[in-house]
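Q: This is the structure, below, for whatever I ask next.
The values are calculated or read from the model by the stated rules, or taken from the named source; none is laboratory data. A quick note: this is a predicted structure, and the numbers were derived from the prediction, not measured. Cβ sites come from the backbone with ideal geometry, for glycine too, and all protein chains shown count toward neighbours. The accessibility values were calculated without ligands, DNA or RNA, using every heavy atom of the protein model including side chains. Shrake-Rupley method; radii C 1.70, N 1.55, O 1.52, S 1.80 Å.
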Amino acid sequence: MKNAVIGNNKQKANLIVLGAVPRLLYLLQQETSSTELKTECAVVLGSLAMGTENNVKSLLDCHIIPALLQGLLSPDLKFIEACLRCLRTIFTSPVTPEELLYTGPDHQTILFNHGAVQNIAHLLTSLSYKVRMQALKCFSVLAFENPQVSMTLVNVLVDGELLPQIFVKMLQRDKPIEMQLTSAKCLTYMCRAGAIRTDDNCIVLKTLPCLVRMCSKERLLEERVEGAETLAYLIEPDVELQRIASITDHLIAMLADYFKYPSSVSAITDIKRLDHDLKHAHELRQAAFKLYASLGANDEDIRKKIIETENMMDRIVTGLSESSVKVRLAAVRCLHSLSRSVQQLRTSFQDHAVWKPLMKVLQNAPDEILVVASSMLCNLLLEFSPSKEPILESGAVELLCGLTQSENPALRVNGIWALMNMAFQAEQKIKADILRSLSTEQLFRLLSDSDLNVLMKTLGLLRNLLSTRPHIDKIMSTHGKQIMQAVTLILEGEHNIEVKEQTLCILANIADGTTAKDLIMTNDDILQKIKYYMGHSHVKLQLAAMFCISNLIWNEEEGSQERQDKLRDMGIVDILHKLSQSPDSNLCDKAKMALQQYLA
């Protein structure tokens, strides 16, 4: 059997159809079978697993994994090796569900608790290169996003040398590329998990330059992908590393080369090479976008440099409509990172009409793309961004109102946040559109959302809708009753200072209306609440309540006398006298100004 199936997929399939697998597994697990027989069975099963993905599926369906794991308890090394080889073949197949073995943080911890670190550490000094490499790979997987493992690794000694020092030696230029890359990964993951500082020499002078080297033209495409992705992960949270990377070896220009595959077909005589280039082309673009996004996350000058790189905006815009979801996501992330720049929003983003492909991306994308794309839309809708008008005309209001109904809290936040930016200093028509599309029912649902960010942004939207007098009066004449109800509920509820402050600011805006004022003056419950917050222990809330009062008693306005009298009868003037003695200068000034209105 063994000789028949080696290298022959047709024979492998025949044997599986004839039912060989259950029989081989039976012999493998029989206590009466000799070790030689068990070993031969494991070898044949391993050979079957080397065939097609369907073969692996058939083996999994026969419960091969528990049988092979059981085999690892045998005292015989040859049999153990045959079982391990077979297991490795099965687990490297894409059809095998990973949860059958170790993935995820809890599994890292299980391996850690069983002494994986100590048992693998000494293999780093093995005479066999293959063993050293596998040990290194194990450490990179164990340390990834795991502070517990990473903190331990920093202090592990191997032959009197600390692990990070060993990793640094392994990423020197004279070592094989695979070893350099994997060591750089180990140090990157330990750094991101908080075990090594970002300003440590082993990161700044060793790991970062090594990863930049991996992005150069001399490297294989696979190596360039891995180098760029690891570097993007290393520098993502740290502006200082972003600055250093951006001026190392002309990295920003070097990445532009990632978009040049497959190279012009005439130059490729070799079909195999074309196939290889095509396969890696989208991985290269994805990696370049990711790295640009990290590089430009904080620094204005770096963003400018990226955007000024040859045709970069065109490339990103093209990336937004690629068939590969991963490339689309990376392109959106890259644009989002660059859209944090006011300067760029006014210039490059405008010149390239970035909003058009972005609106297309938002039509029917998976959630992970939607979150980043809608975040970017928030930036494009800031009042100083020239893209605001065309975005509105292309049906953004409906789209964003739709997002506020999403199950995903991040999408609800972004939808309402973008509407808030849209309503800022907007004309009456836009505000009316937003209210109509969102519907008051949905607005009030959002005001009772369990997610604090959603609540804050909804209050922000309401505050932006209720600004400038004619708008305030118009909106309060149609929705006044419901808005006052919502305000009352929030001021009575268990909310933090920020939420209550925003709500009082909305009241102050309403108090600034001409006819809208009456909705407050005829509502004794609300007036009592404003009075209560004037005497609150928190200055922010006292100030916000003061704004309401100032707007209600302002002299030059019709009916101010009656309003002043009613508020005096409520004891507001006494509170103002008390506040005019406040140690807080801001509060004291506002109280004195309000008292002036009574004297005038």
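Q: Can you give me the accessible area per residue for the chain, using a 1.4 Å probe, in Å²? Walk me through the numbers on the way to the answer.
A: Numbers: 29000 Å² over 600 residues.
Accessible area per residue, the chain: 48 Å².
Q: Over region 197-338, how many percent of alpha carbon pairs lie in each 5 Å bin up to the one with the longest distance?
A: In order of increasing distance, the bins hold 2, 11, 21, 23, 20, 13, 7, 3, 1, 0 percent.
Q: Please list, in order, the residues from region 536-562 whose amide nitrogen is less than 11 Å from a point placed 7 Å along the Cα→Cβ vector of THR514.
A: Backbone N within reach: 558.
Q: Still on this model: Count charges around GLU557 for me, please; just the other residues with Cβ under 14 Å from its Cβ, Lys/Arg as +1, Asp/Glu as -1.
A: It works out to a net charge of -3.
Q: Need the list of aspartates and glutamates near LYS360 for cross-linking: C-alpha distance under 15 angstrom, and skip anything on the same chain fewer than eight residues off.
A: Counting by Cα, and skipping residues close in sequence, LYS360 has these aspartates and glutamates nearby: GLU322, GLU393, GLU398.
Q: List every residue whose amide H lies under 5 Å from the amide H of LEU162, counting only residues 5 or more places away in sequence or on a different chain, with H placed 1.01 Å from N in the peptide plane.
A: Amide H neighbours of LEU162, under 5 Å, 5+ apart: none.
Q: Then there is this: Given region 32-139, report the % of alpha carbon pairs whose separation exceeds 24 Å. Don't jump to the answer; show the numbers that get you there.
A: On the way: 1988 of 5778 pairs.
It works out to 34 percent of all Cα pairs.
Q: In whole angstrom, how long is each semi-axis of the equivalent ellipsoid of region 504-600, when you take the square root of 5 times every eigenvalue of its Cα gyration tensor and sort them from largest down?
A: Details: eigenvalues 74, 44, 28 Å².
For region 504-600, the semi-axes come out at 19, 15, 12 Å.
Q: Kirkwood Rh, the chain, all Cα pairs: how many Å? Don't skip to the end; give the middle numbers.
A: Details: mean 1/r = 0.0340 Å⁻¹.
29.5 Å is the Kirkwood radius here.
Q: Which ³J(HN,Hα) values, rounded to whole Hz and listed in residue order, are derived for region 293-306 from phi using the Karplus coefficients 6.51, -1.76 and 1.60 in 6.51 cos²θ - 1.76 cosθ + 1.60 with θ = phi - 60°, glycine and proline given as x?
A: In residue order, the calculated couplings are 4, 5, 4, x, 4, 10, 9, 4, 5, 5, 4, 4, 4, 4 Hz.
Q: Using the Karplus curve 6.51 cos²θ - 1.76 cosθ + 1.60 with θ = phi - 60°, what ³J(HN,Hα) values do you get for each residue of region 153-170, in whole Hz, with x for Gly and Pro?
A: Values, residue by residue: 4, 4, 9, 6, 9, 10, 6, x, 10, 6, 3, x, 5, 5, 4, 4, 4, 6 Hz.
Q: For region 219-260 and region 423-492, compute the distance between their C-alpha centroids and round to whole Å.
A: So the separation of the two Cα centres works out to 45 Å.
Q: Specify which residue in the list ALA545, SER580, THR503 is farthest towards the positive end of the charge dipole of region 493-599, using unit charges on the beta carbon of Lys, Arg (+1) and Asp, Glu (-1), about the Cα centre.
A: Positive-end residue among those listed: SER580.
Q: Where the Cα atoms of region 341-465 are projected onto their three principal axes, how long is each span, largest first, in whole Å?
A: 40, 34, 23 Å, listed from the longest principal axis down.
Q: Could you work out what % of the accessible surface of the chain is carbon and sulfur, using a 1.4 angstrom probe and leaving DNA, RNA and ligands out of the count? Present the calculation step by step, with values, prior to reporting the outcome.
A: Values: 15440 of 29000 Å².
Of all accessible area on the chain, carbon and sulfur atoms account for 53 percent.
Q: Starting from region 344-419, pick out the chymotrypsin sites (Phe, Trp or Tyr not before Pro) whose DSSP state is loop and whose Cβ has at most 10 other Cβ atoms within 10 Å.
A: Answer in residue order: PHE384.
Q: Are there GluC sites (Glu not before Pro) in region 7-72 that DSSP marks as loop and that have at most 14 other Cβ atoms within 10 Å, and which are they?
A: On the way: sites: GLU31, GLU36, GLU40, GLU53; in loops: GLU31.
Taking region 7-72 and a limit of 14 other Cβ atoms within 10 Å, the loop GluC sites (Glu not before Pro) found are GLU31.
Q: Among the listed pairs LYS531/LYS578; LYS500/LYS531; LYS10/LYS38; LYS175/LYS272; LYS356/LYS388, which have their C-alpha atoms separated by more than 18 angstrom in this model? Display every interim value, and only then the final one.
A: Details: LYS531/LYS578 13 Å; LYS500/LYS531 14 Å; LYS10/LYS38 24 Å; LYS175/LYS272 29 Å; LYS356/LYS388 12 Å.
From LYS531/LYS578; LYS500/LYS531; LYS10/LYS38; LYS175/LYS272; LYS356/LYS388, over 18 Å: LYS10/LYS38; LYS175/LYS272.
Q: Pop a pseudo-label 7 angstrom from the Cα along the beta-carbon direction at both GLU53 and ARG340 and give the gap in nm to one decimal.
A: Taking the two extended label points, one gets 3.8 nm.
Q: For region 287-329, state which GluC sites (Glu not before Pro) are in a DSSP loop and have at most 13 other beta carbons lying within 10 Å of their beta carbon.
A: Details: sites: GLU300, GLU308, GLU310, GLU322; in loops: GLU310, GLU322.
Sparse-neighbourhood loop GluC sites (Glu not before Pro): GLU310.
Q: Also, I was wondering about something else. Sorted by packing (mean other beta-carbon atoms within 10 Å per residue), highest first, where do 129-139, 207-217, 486-496, 178-188 land?
A: Listed from highest to lowest mean packing, they are 178-188, 207-217, 129-139, 486-496.
Q: How high is the FRET efficiency from ASP351 to ASP589, r the C-beta distance, R0 41 Å, rounded to 0.05? Walk me through the numbers before you get to the answer.
A: Details: r = 47 Å, r/R0 = 1.14.
Efficiency, from the Cβ-Cβ distance: 0.30.
Q: Would you mind getting me the FRET efficiency between LYS360 and SER34? Use the beta-carbon distance for r and R0 = 45 Å, nearest 0.05. Please list the in-between numbers first.
A: Working: r = 66 Å, r/R0 = 1.47.
After rounding to 0.05, the efficiency reads 0.10.
Q: How many nm is it between the label spots at ASN298 and LYS169, if each spot is 7 Å from the Cα in line with the beta carbon?
A: Using points 7 Å along Cα→Cβ, the separation is 3.4 nm.
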